[in-house]
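S.K.: Sending over a structure as C-alpha coordinates; questions will come in a sec.
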(Lines give C-alpha, C1' and ligand atoms only; values in the text may rest on other atoms or scores of the structure.)
Protein backbone atom coordinates (compact mmCIF):
# COMPACT_ATOMS: atom_id res chain seq x y z
CA UNK A 1 0.00 0.00 0.00
CA UNK A 2 1.73 3.21 -1.18
CA UNK A 3 -0.31 5.40 1.18
CA UNK A 4 -0.45 5.40 4.97
CA UNK A 5 -3.58 5.05 7.11
CA UNK A 6 -3.92 8.79 7.73
CA UNK A 7 -3.88 9.57 4.00
CA UNK A 8 -6.48 6.84 3.28
CA UNK A 9 -8.58 7.99 6.21
CA UNK A 10 -8.57 11.62 5.05
CA UNK A 11 -9.48 10.62 1.52
CA UNK A 12 -12.42 8.50 2.67
CA UNK A 13 -13.66 11.29 4.93
CA UNK A 14 -13.42 13.93 2.21
CA UNK A 15 -15.18 11.65 -0.28
CA UNK A 16 -17.61 9.92 2.08
CA UNK A 17 -20.59 10.88 -0.08
CA UNK A 18 -19.08 8.89 -2.97
CA UNK A 19 -17.92 5.91 -0.90
CA UNK A 20 -20.46 3.50 -2.36
CA UNK A 21 -19.24 4.26 -5.90
CA UNK A 22 -15.73 3.21 -4.81
CA UNK A 23 -16.94 -0.29 -3.85
CA UNK A 24 -16.77 -2.83 -6.67
CA UNK A 25 -20.02 -4.77 -7.10
CA UNK A 26 -19.29 -8.13 -5.45
CA UNK A 27 -19.61 -11.49 -7.14
CA UNK A 28 -21.52 -13.95 -4.97
CA UNK A 29 -21.41 -17.73 -5.22
CA UNK A 30 -24.68 -18.84 -6.81
CA UNK A 31 -26.77 -21.05 -4.58
CA UNK A 32 -26.94 -24.54 -6.12
CA UNK A 33 -30.37 -25.82 -7.12
CA UNK A 34 -31.06 -29.10 -5.36
CA UNK A 35 -33.50 -30.78 -3.01
CA UNK A 36 -33.50 -29.54 0.62
CA UNK A 37 -32.21 -32.86 1.97
CA UNK A 38 -29.21 -32.64 -0.38
CA UNK A 39 -27.83 -29.52 1.31
CA UNK A 40 -25.11 -30.08 3.87
CA UNK A 41 -25.88 -28.21 7.13
CA UNK A 42 -22.86 -25.90 6.69
CA UNK A 43 -24.00 -25.15 3.14
CA UNK A 44 -27.26 -23.80 4.53
CA UNK A 45 -25.29 -21.54 6.87
CA UNK A 46 -22.95 -20.42 4.12
CA UNK A 47 -25.69 -19.43 1.69
CA UNK A 48 -27.57 -17.70 4.48
CA UNK A 49 -24.37 -15.70 5.04
CA UNK A 50 -24.24 -14.89 1.32
CA UNK A 51 -27.83 -13.67 1.51
CA UNK A 52 -26.89 -11.38 4.41
CA UNK A 53 -23.84 -10.12 2.48
CA UNK A 54 -26.07 -9.19 -0.44
CA UNK A 55 -28.31 -7.23 1.92
CA UNK A 56 -25.25 -5.56 3.48
CA UNK A 57 -23.95 -4.48 0.09
CA UNK A 58 -27.29 -2.84 -0.70
CA UNK A 59 -27.21 -1.08 2.68
CA UNK A 60 -23.80 0.43 1.91
CA UNK A 61 -25.52 2.74 -0.58
CA UNK A 62 -27.29 4.33 2.41
CA UNK A 63 -24.12 4.64 4.52
CA UNK A 64 -23.91 7.93 6.38
CA UNK A 65 -20.47 8.53 7.93
CA UNK A 66 -20.83 11.39 10.38
CA UNK A 67 -17.60 11.19 12.37
CA UNK A 68 -13.88 10.83 11.61
CA UNK A 69 -11.09 10.10 14.11
CA UNK A 70 -13.70 10.15 16.86
CA UNK A 71 -12.15 10.31 20.33
CA UNK A 72 -13.82 8.03 22.87
CA UNK A 73 -12.40 9.31 26.15
CA UNK A 74 -12.78 7.54 29.46
CA UNK A 75 -11.99 9.29 32.69
CA UNK A 76 -8.60 8.25 34.05
CA UNK A 77 -7.73 6.16 30.98
CA UNK A 78 -5.94 6.67 27.70
CA UNK A 79 -8.16 8.04 24.94
CA UNK A 80 -9.09 5.65 22.15
CA UNK A 81 -10.15 6.78 18.70
CA UNK A 82 -12.35 5.08 16.17
CA UNK A 83 -11.56 5.87 12.54
CA UNK A 84 -15.19 6.52 11.57
CA UNK A 85 -18.65 6.51 13.10
CA UNK A 86 -21.77 6.23 11.00
CA UNK A 87 -25.17 4.70 10.48
CA UNK A 88 -27.43 3.47 7.70
CA UNK A 89 -30.29 5.81 6.84
CA UNK A 90 -33.53 4.16 7.93
CA UNK A 91 -31.81 1.07 9.34
CA UNK A 92 -31.04 0.16 12.96
CA UNK A 93 -27.45 0.11 14.11
CA UNK A 94 -24.52 2.38 14.89
CA UNK A 95 -21.53 1.69 12.61
CA UNK A 96 -18.02 1.52 14.02
CA UNK A 97 -15.35 1.55 11.32
CA UNK A 98 -11.74 0.48 11.76
CA UNK A 99 -9.17 1.14 9.03
CA UNK A 100 -5.96 -0.87 8.61
CA UNK A 101 -3.87 -0.69 5.45
CA UNK A 102 -1.13 -3.25 6.03
CA UNK A 103 -0.66 -6.80 7.20
CA UNK A 104 1.23 -5.88 10.36
CA UNK A 105 -1.46 -3.64 11.84
CA UNK A 106 -4.57 -5.54 10.71
CA UNK A 107 -4.01 -8.13 13.46
CA UNK A 108 -5.07 -5.47 15.96
CA UNK A 109 -8.40 -4.85 14.24
CA UNK A 110 -10.71 -6.72 16.60
CA UNK A 111 -8.88 -5.63 19.73
CA UNK A 112 -9.66 -2.05 18.78
CA UNK A 113 -13.13 -2.64 17.31
CA UNK A 114 -14.34 -4.46 20.42
CA UNK A 115 -12.80 -1.82 22.68
CA UNK A 116 -14.74 0.87 20.80
CA UNK A 117 -17.91 -1.23 20.91
CA UNK A 118 -17.67 -1.79 24.67
CA UNK A 119 -17.26 1.93 25.26
CA UNK A 120 -20.18 2.79 22.98
CA UNK A 121 -22.40 0.17 24.65
CA UNK A 122 -21.72 1.89 27.97
CA UNK A 123 -23.03 5.14 26.44
CA UNK A 124 -26.19 3.53 25.03
CA UNK A 125 -26.82 0.79 27.59
CA UNK A 126 -28.56 -1.56 27.22
CA UNK A 127 -27.44 -2.24 23.66
CA UNK A 128 -27.93 -5.56 21.90
CA UNK A 129 -25.32 -7.21 19.71
CA UNK A 130 -27.33 -6.27 16.60
CA UNK A 131 -27.36 -2.59 17.56
CA UNK A 132 -23.75 -2.20 16.43
CA UNK A 133 -22.36 -2.97 12.99
CA UNK A 134 -18.64 -3.45 12.52
CA UNK A 135 -17.17 -2.08 9.30
CA UNK A 136 -13.62 -3.30 8.88
CA UNK A 137 -11.39 -1.96 6.10
CA UNK A 138 -8.27 -4.13 5.92
CA UNK A 139 -6.20 -6.21 3.44
CA UNK A 140 -7.38 -9.48 5.11
CA UNK A 141 -4.03 -11.12 4.42
CA UNK A 142 -3.66 -12.61 7.90
CA UNK A 143 -5.29 -16.02 8.39
CA UNK A 144 -5.90 -15.22 12.06
CA UNK A 145 -8.01 -12.22 11.05
CA UNK A 146 -10.00 -14.19 8.45
CA UNK A 147 -10.73 -16.96 10.95
CA UNK A 148 -11.70 -14.44 13.64
CA UNK A 149 -14.12 -12.82 11.21
CA UNK A 150 -15.71 -16.16 10.30
CA UNK A 151 -16.10 -17.05 13.98
CA UNK A 152 -17.59 -13.63 14.63
CA UNK A 153 -20.16 -14.11 11.87
CA UNK A 154 -20.91 -17.77 12.54
CA UNK A 155 -21.07 -18.00 16.32
CA UNK A 156 -21.10 -14.50 17.83
CA UNK A 157 -23.68 -13.31 15.30
CA UNK A 158 -22.32 -9.78 15.17
CA UNK A 159 -23.23 -7.68 12.15
CA UNK A 160 -20.09 -7.07 10.12
CA UNK A 161 -18.96 -5.87 6.70
CA UNK A 162 -15.36 -6.20 5.54
CA UNK A 163 -13.86 -4.15 2.71
CA UNK A 164 -10.42 -4.70 1.18
CA UNK A 165 -8.76 -1.44 0.04
CA UNK A 166 -6.91 -1.33 -3.28
CA UNK A 167 -5.13 1.71 -4.71
CA UNK A 168 -2.83 2.51 -7.61
CA UNK A 169 -0.15 5.17 -7.96
CA UNK A 170 -2.49 8.01 -7.05
CA UNK A 171 -4.91 8.08 -4.15
CA UNK A 172 -7.87 8.96 -6.36
CA UNK A 173 -7.71 5.39 -7.70
CA UNK A 174 -8.79 4.04 -4.28
CA UNK A 175 -11.30 1.21 -4.60
CA UNK A 176 -12.77 -1.37 -2.25
CA UNK A 177 -13.75 -5.00 -2.62
CA UNK A 178 -16.11 -6.79 -0.26
CA UNK A 179 -14.37 -9.65 1.50
CA UNK A 180 -16.46 -12.80 1.40
CA UNK A 181 -15.12 -15.92 3.13
CA UNK A 182 -14.46 -18.87 0.88
CA UNK A 183 -16.84 -21.78 1.21
CA UNK A 184 -13.99 -24.08 2.28
CA UNK A 185 -12.72 -21.73 5.01
CA UNK A 186 -16.24 -21.20 6.31
CA UNK A 187 -17.18 -24.87 6.32
CA UNK A 188 -14.14 -25.95 8.35
CA UNK A 189 -15.42 -23.79 11.21
CA UNK A 190 -18.97 -25.07 10.91
CA UNK A 191 -18.62 -28.78 10.33
CA UNK A 192 -15.81 -29.53 12.81
CA UNK A 193 -18.09 -28.52 15.68
CA UNK A 194 -20.57 -31.32 14.99
CA UNK A 195 -19.52 -34.70 16.32
CA UNK A 196 -20.98 -36.99 18.97
CA UNK A 197 -17.83 -36.66 21.04
CA UNK A 198 -18.00 -32.85 21.05
CA UNK A 199 -21.44 -32.65 22.67
CA UNK A 200 -21.49 -32.66 26.47
CA UNK A 201 -24.64 -33.72 28.31
CA UNK A 202 -25.75 -32.93 31.84
CA UNK A 203 -28.90 -34.52 33.20
CA UNK A 204 -30.54 -33.74 36.51
CA UNK A 205 -33.50 -35.70 37.84
CA UNK A 206 -35.81 -34.72 40.67
CA UNK A 207 -38.84 -35.80 42.64
CA UNK A 208 -41.10 -33.46 44.55
CA UNK A 209 -44.54 -31.82 44.65
CA UNK A 210 -46.34 -34.86 43.29
CA UNK A 211 -49.56 -33.83 41.63
CA UNK A 212 -47.76 -30.76 40.27
CA UNK A 213 -44.90 -32.36 38.33
CA UNK A 214 -46.05 -35.98 38.24
CA UNK A 215 -49.15 -38.10 38.99
CA UNK A 216 -49.85 -39.02 42.61
CA UNK A 217 -51.13 -42.48 41.73
CA UNK A 218 -48.96 -45.30 40.49
CA UNK A 219 -49.34 -46.37 36.87
CA UNK A 220 -50.86 -43.05 35.76
CA UNK A 221 -49.38 -41.08 32.88
CA UNK A 222 -48.70 -37.31 33.22
CA UNK A 223 -51.59 -35.09 32.24
CA UNK A 224 -51.46 -32.16 29.81
CA UNK A 225 -50.92 -29.61 32.57
CA UNK A 226 -47.91 -31.51 33.94
CA UNK A 227 -46.39 -31.83 30.47
CA UNK A 228 -46.98 -28.13 29.84
CA UNK A 229 -45.28 -27.31 33.15
CA UNK A 230 -42.23 -29.45 32.33
CA UNK A 231 -42.00 -27.82 28.90
CA UNK A 232 -41.83 -24.44 30.65
CA UNK A 233 -38.75 -25.69 32.52
CA UNK A 234 -36.89 -26.56 29.31
CA UNK A 235 -37.96 -23.29 27.65
CA UNK A 236 -36.53 -21.40 30.64
CA UNK A 237 -33.24 -23.32 30.38
CA UNK A 238 -33.06 -22.69 26.61
CA UNK A 239 -33.35 -18.94 27.17
CA UNK A 240 -30.40 -19.04 29.58
CA UNK A 241 -28.38 -21.16 27.16
CA UNK A 242 -29.00 -18.62 24.38
CA UNK A 243 -27.99 -15.76 26.68
CA UNK A 244 -24.74 -17.62 27.48
CA UNK A 245 -23.97 -18.38 23.84
CA UNK A 246 -24.29 -22.17 24.26
CA UNK A 247 -24.99 -24.05 21.03
CA UNK A 248 -27.05 -27.10 21.86
CA UNK A 249 -30.46 -28.36 22.91
CA UNK A 250 -32.46 -29.06 26.07
CA UNK A 251 -35.61 -30.98 26.99
CA UNK A 252 -37.50 -32.36 29.97
CA UNK A 253 -38.71 -35.90 30.47
CA UNK A 254 -40.65 -38.08 32.88
CA UNK A 255 -39.91 -41.74 33.54
CA UNK A 256 -42.46 -44.46 32.81
CA UNK A 257 -44.55 -45.52 35.84
CA UNK A 258 -43.21 -49.09 35.79
CA UNK A 259 -39.60 -47.99 36.35
CA UNK A 260 -40.27 -45.62 39.24
CA UNK A 261 -40.44 -48.58 41.63
CA UNK A 262 -36.67 -48.98 41.09
CA UNK A 263 -35.98 -45.69 42.85
CA UNK A 264 -35.61 -43.64 39.65
CA UNK A 265 -36.45 -39.96 40.16
CA UNK A 266 -39.21 -39.40 37.67
CA UNK A 267 -38.69 -35.81 36.45
CA UNK A 268 -35.61 -34.90 34.42
CA UNK A 269 -34.03 -32.12 32.42
CA UNK A 270 -31.30 -32.95 29.89
CA UNK A 271 -29.02 -30.11 28.73
CA UNK A 272 -26.65 -30.66 25.80
CA UNK A 273 -24.07 -28.28 24.35
CA UNK A 274 -21.09 -28.22 22.00
CA UNK A 275 -17.93 -28.16 24.10
CA UNK A 276 -15.76 -25.47 22.39
CA UNK A 277 -12.51 -27.03 23.62
CA UNK A 278 -13.41 -30.42 22.17
CA UNK A 279 -14.45 -28.65 18.99
CA UNK A 280 -11.03 -26.93 18.82
CA UNK A 281 -9.37 -30.33 19.20
CA UNK A 282 -11.46 -31.74 16.35
CA UNK A 283 -10.63 -28.75 14.14
CA UNK A 284 -6.91 -29.13 14.87
CA UNK A 285 -6.74 -32.79 13.89
CA UNK A 286 -9.05 -32.25 10.91
CA UNK A 287 -6.63 -29.64 9.56
CA UNK A 288 -3.85 -32.19 10.10
CA UNK A 289 -5.52 -34.54 7.63
CA UNK A 290 -7.86 -36.74 9.69
CA UNK A 291 -11.50 -37.04 8.67
CA UNK A 292 -14.15 -35.54 10.97
CA UNK A 293 -14.89 -38.73 12.88
CA UNK A 294 -11.21 -39.59 13.37
CA UNK A 295 -10.50 -36.05 14.53
CA UNK A 296 -13.43 -36.13 16.97
CA UNK A 297 -12.30 -39.46 18.43
CA UNK A 298 -8.68 -38.30 18.92
CA UNK A 299 -7.74 -38.04 22.59
CA UNK A 300 -7.73 -34.46 23.82
CA UNK A 301 -5.13 -35.39 26.48
CA UNK A 302 -2.59 -35.64 23.64
CA UNK A 303 -3.15 -32.06 22.54
CA UNK A 304 -1.43 -29.29 24.44
CA UNK A 305 -2.22 -25.61 24.37
CA UNK A 306 1.08 -25.00 22.56
CA UNK A 307 -0.39 -26.85 19.56
CA UNK A 308 -3.32 -24.44 19.45
CA UNK A 309 -1.05 -21.46 20.18
CA UNK A 310 2.40 -22.40 18.76
CA UNK A 311 4.11 -19.28 20.13
CA UNK A 312 3.21 -20.36 23.65
CA UNK A 313 6.35 -22.53 23.66
CA UNK A 314 8.47 -19.40 23.71
CA UNK A 315 6.75 -17.94 26.77
CA UNK A 316 6.00 -20.89 29.00
CA UNK A 317 8.34 -23.24 30.80
CA UNK A 318 8.17 -26.99 31.29
CA UNK A 319 5.09 -27.56 29.09
CA UNK A 320 5.95 -31.22 28.60
CA UNK A 321 5.61 -31.99 32.30
CA UNK A 322 2.30 -30.24 32.82
CA UNK A 323 -1.17 -31.70 32.54
CA UNK A 324 -2.87 -30.51 29.37
CA UNK A 325 -4.64 -27.20 30.03
CA UNK A 326 -6.86 -27.91 27.04
CA UNK A 327 -7.95 -31.18 28.62
CA UNK A 328 -8.65 -29.46 31.95
CA UNK A 329 -10.68 -26.72 30.25
CA UNK A 330 -12.58 -29.33 28.28
CA UNK A 331 -13.42 -31.27 31.44
CA UNK A 332 -14.55 -28.19 33.37
CA UNK A 333 -16.63 -26.67 30.54
CA UNK A 334 -19.61 -28.90 31.30
CA UNK A 335 -19.97 -27.01 34.59
CA UNK A 336 -21.69 -24.34 32.44
CA UNK A 337 -24.45 -26.86 31.78
CA UNK A 338 -24.51 -27.99 35.42
CA UNK A 339 -25.00 -24.44 36.64
CA UNK A 340 -27.92 -23.77 34.29
CA UNK A 341 -29.65 -27.02 35.29
CA UNK A 342 -29.32 -26.37 39.03
CA UNK A 343 -30.34 -22.71 38.72
CA UNK A 344 -33.43 -23.60 36.71
CA UNK A 345 -34.37 -26.47 39.03
CA UNK A 346 -34.14 -24.22 42.06
CA UNK A 347 -36.17 -21.49 40.35
CA UNK A 348 -39.03 -23.70 39.18
CA UNK A 349 -39.40 -25.35 42.59
CA UNK A 350 -39.92 -22.13 44.53
CA UNK A 351 -43.31 -22.08 46.22
CA UNK A 352 -45.18 -20.39 49.09
CA UNK A 353 -45.10 -23.77 50.81
CA UNK A 354 -42.08 -25.85 51.92
CA UNK A 355 -39.52 -26.24 49.11
CA UNK A 356 -38.84 -29.96 49.24
CA UNK A 357 -37.45 -32.08 46.46
CA UNK A 358 -34.72 -34.66 46.05
CA UNK A 359 -32.47 -34.78 43.05
CA UNK A 360 -29.68 -36.68 41.36
CA UNK A 361 -27.46 -35.86 38.41
CA UNK A 362 -24.96 -37.29 35.94
CA UNK A 363 -22.76 -36.20 33.02
CA UNK A 364 -22.27 -37.83 29.62
CA UNK A 365 -21.24 -37.20 26.08
CA UNK A 366 -24.11 -37.40 23.60
CA UNK A 367 -23.04 -40.81 22.25
CA UNK A 368 -22.64 -42.35 25.72
CA UNK A 369 -26.03 -40.93 26.73
CA UNK A 370 -27.76 -42.47 23.71
CA UNK A 371 -25.93 -45.77 23.49
CA UNK A 372 -24.57 -46.60 26.95
CA UNK A 373 -27.34 -45.24 29.15
CA UNK A 374 -30.94 -46.35 29.65
CA UNK A 375 -32.07 -42.94 30.92
CA UNK A 376 -33.19 -41.79 27.48
CA UNK A 377 -35.22 -44.92 26.76
CA UNK A 378 -37.41 -45.41 29.82
CA UNK A 379 -39.26 -42.10 29.76
CA UNK A 380 -41.48 -39.72 27.86
CA UNK A 381 -39.40 -36.96 26.28
CA UNK A 382 -41.19 -33.64 25.89
CA UNK A 383 -40.50 -30.46 23.88
CA UNK A 384 -36.90 -30.23 22.67
CA UNK A 385 -35.51 -26.68 22.42
CA UNK A 386 -32.61 -25.95 20.07
CA UNK A 387 -30.20 -23.09 20.78
CA UNK A 388 -27.54 -21.21 18.82
CA UNK A 389 -26.26 -22.80 15.66
CA UNK A 390 -28.49 -25.88 16.08
CA UNK A 391 -31.59 -23.71 16.02
CA UNK A 392 -30.33 -21.67 13.08
CA UNK A 393 -29.55 -24.68 10.88
CA UNK A 394 -32.79 -26.46 11.77
CA UNK A 395 -34.89 -23.39 10.96
CA UNK A 396 -33.06 -22.92 7.65
CA UNK A 397 -33.68 -26.57 6.80
CA UNK A 398 -37.39 -26.24 7.59
CA UNK A 399 -37.60 -23.14 5.41
CA UNK A 400 -36.09 -25.02 2.47
CA UNK A 401 -38.43 -27.97 2.92
CA UNK A 402 -41.58 -25.87 3.06
CA UNK A 403 -40.48 -23.62 0.21
CA UNK A 404 -39.95 -26.73 -1.91
CA UNK A 405 -43.29 -28.21 -0.79
CA UNK A 406 -45.22 -25.51 -2.64
CA UNK A 407 -43.99 -27.04 -5.91
CA UNK A 408 -45.33 -30.51 -5.06
CA UNK A 409 -48.65 -31.92 -6.19
CA UNK A 410 -51.30 -32.68 -3.56
CA UNK A 411 -50.52 -36.37 -3.93
CA UNK A 412 -46.79 -35.79 -3.33
CA UNK A 413 -47.59 -33.66 -0.26
CA UNK A 414 -49.78 -36.43 1.15
CA UNK A 415 -47.02 -39.02 0.69
CA UNK A 416 -44.48 -36.78 2.45
CA UNK A 417 -46.82 -36.12 5.39
CA UNK A 418 -47.87 -39.78 5.69
CA UNK A 419 -44.22 -40.85 5.69
CA UNK A 420 -43.61 -38.67 8.76
CA UNK A 421 -40.93 -36.65 6.98
CA UNK A 422 -42.84 -33.37 7.37
CA UNK A 423 -45.89 -32.14 9.24
CA UNK A 424 -48.62 -30.21 7.46
CA UNK A 425 -47.87 -27.19 9.68
CA UNK A 426 -44.25 -26.19 10.26
CA UNK A 427 -44.99 -25.17 13.87
CA UNK A 428 -45.58 -28.85 14.70
CA UNK A 429 -41.92 -29.56 13.90
CA UNK A 430 -40.32 -26.77 15.92
CA UNK A 431 -40.12 -28.76 19.20
CA UNK A 432 -40.68 -32.29 17.88
CA UNK A 433 -38.35 -35.01 19.22
CA UNK A 434 -39.04 -37.22 16.22
CA UNK A 435 -37.99 -34.62 13.67
CA UNK A 436 -35.24 -32.90 15.66
CA UNK A 437 -33.51 -36.14 16.61
CA UNK A 438 -33.41 -37.12 12.95
CA UNK A 439 -31.99 -33.68 12.23
CA UNK A 440 -29.30 -33.98 14.93
CA UNK A 441 -28.35 -37.44 13.69
CA UNK A 442 -27.93 -36.06 10.17
CA UNK A 443 -26.03 -33.06 11.51
CA UNK A 444 -23.41 -34.96 13.49
CA UNK A 445 -23.37 -38.12 11.38
CA UNK A 446 -23.21 -41.77 12.27
CA UNK A 447 -21.02 -42.39 15.30
CA UNK A 448 -19.65 -45.57 13.70
CA UNK A 449 -18.53 -43.92 10.45
CA UNK A 450 -14.80 -43.86 9.72
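S.K.: Write out, first by first residue and then by second, each pair whose Cβ atoms fall under 9 Å of each other, whose residues are 6+ apart or on separate chains, and whose first residue, in region 75-99, is under 14 Å from residue 115 (Cβ atoms) while the second is at pLDDT below 85 and assigned to a strand (DSSP E or B).
M.R.: Note: pairs meeting the criteria are 79/71; 79/72; 80/71; 80/72; 81/71; 81/72; 82/71; 82/72.
S.K.: Within region 160-189, can you find the residues that are in a strand (DSSP E or B), closer than 16 Å to residue 102 by Cβ and either over 33 Å from the mean Cα position of the chain (by Cα) or free of Cβ contacts under 8 Å to residues at least 40 places away in the same chain (or both)?
M.R.: Passing the criteria: 162, 164, 166.
S.K.: Right, another one. Name the residues in region 402-435 that are part of a helix (DSSP H, G or I) and crowded, with 18+ Cβ neighbours inside 10 Å, would you?
M.R.: 429, 435
S.K.: Further question on the same structure: Within region 5-33, take every residue that is surrounded by 11 or more Cβ atoms within 10 Å (Cβ to Cβ) and in a loop (DSSP other than H, G, I, E, B) and give me the one that is farthest from the chain's Cα centre (by Cα).
M.R.: Among those residues, the one meeting the criterion is 15.
S.K.: Scanning for something more than 25 Å from the chain's Cα centre (by Cα) and either assigned to a helix (DSSP H, G or I) or modelled with pLDDT of 85 or more (or both), does region 324-339 turn up at least one residue?
M.R.: no
S.K.: Take region 203-224 and flag every residue that is over 13 Å from residue 265 (Cα atoms) and in contact with a strand residue (DSSP E or B) (Cβ under 8 Å, 6 or more places away or on another chain).
M.R.: If the condition is that a residue be over 13 Å from residue 265 (Cα atoms) and in contact with a strand residue (DSSP E or B) (Cβ under 8 Å, 6 or more places away or on another chain), then 221, 222 are the ones that fit.
S.K.: Just the residues that are touching a helix residue (DSSP H, G or I) at 6+ places or on another chain (Cβ under 6 Å) and assigned to a loop (DSSP other than H, G, I, E, B), please, taken from region 110-130.
M.R.: Across region 110-130, the qualifying residue is only 127.
S.K.: Out of (1) in contact with a strand residue (DSSP E or B) (Cβ under 8 Å, 6 or more places away or on another chain); (2) more than 30 Å from residue 190 (Cα to Cα), the odd one out for residue 17 is which?
M.R.: Failed condition: (1).
S.K.: Please go through (1) buried (at least 20 other Cβ atoms within 10 Å of the Cβ); (2) touching a strand residue (DSSP E or B) at 6+ places or on another chain (Cβ under 9 Å); (3) under 30 Å from residue 22 (Cβ atoms) for residue 197 and return the number of the only condition it doesn't satisfy.
M.R.: Among (1) buried (at least 20 other Cβ atoms within 10 Å of the Cβ); (2) touching a strand residue (DSSP E or B) at 6+ places or on another chain (Cβ under 9 Å); (3) under 30 Å from residue 22 (Cβ atoms), residue 197 violates only (3).
S.K.: Also, quick follow-up: Of the residues 317, 299, which is at pLDDT 85 or above, out of contact with any helix residue (DSSP H, G or I) (no Cβ under 6 Å at 6 or more places or on another chain) and over 17 Å from residue 184 (Cβ atoms)?
M.R.: 299
S.K.: Take the residues in region 389-401 that are surrounded by fewer than 20 Cβ atoms within 10 Å (Cβ to Cβ) and in contact with a strand residue (DSSP E or B) (Cβ under 9 Å, 6 or more places away or on another chain), then tell me which one is nearest to residue 37 (Cα to Cα).
M.R.: 395
S.K.: Inside region 206-292, counting only helices (runs of 4 or more DSSP H) that do not spill past its ends, which hold 3 or more residues that are at pLDDT 95 or above?
M.R.: The helices (runs of 4 or more DSSP H) meeting that bar are 224-243.
S.K.: Checking the conditions here, which among 58, 69, 52 is closer than 23 Å to residue 164 by Cα, part of a helix (DSSP H, G or I) and more than 23 Å from the chain's Cα centre (by Cα)?
M.R.: 58
S.K.: Okay, moving on. From the list 368, 363, exactly one residue is in contact with a strand residue (DSSP E or B) (Cβ under 6 Å, 6 or more places away or on another chain), at pLDDT 80 or above, in the same structural domain as residue 221 (by TED's automatic domain parsing) and surrounded by 13 or more Cβ atoms within 10 Å (Cβ to Cβ). Which is it?
M.R.: Of the residues listed, the single one that is in contact with a strand residue (DSSP E or B) (Cβ under 6 Å, 6 or more places away or on another chain), at pLDDT 80 or above, in the same structural domain as residue 221 (by TED's automatic domain parsing) and surrounded by 13 or more Cβ atoms within 10 Å (Cβ to Cβ) is 363.
S.K.: Which residue is modelled with the lowest pLDDT, if the candidates are limited to region 72-99 and must be outside any strand (DSSP E or B) and in contact with a strand residue (DSSP E or B) (Cβ under 7 Å, 6 or more places away or on another chain)?
M.R.: Checking each candidate, the answer is 79.
The values are calculated or read from the model by the stated rules, or taken from the named source; none is laboratory data. These numbers were taken from a predicted model, which means no experiment stands behind them. Cβ atoms come from the backbone with ideal geometry, glycine included; neighbour counts cover every protein chain shown.
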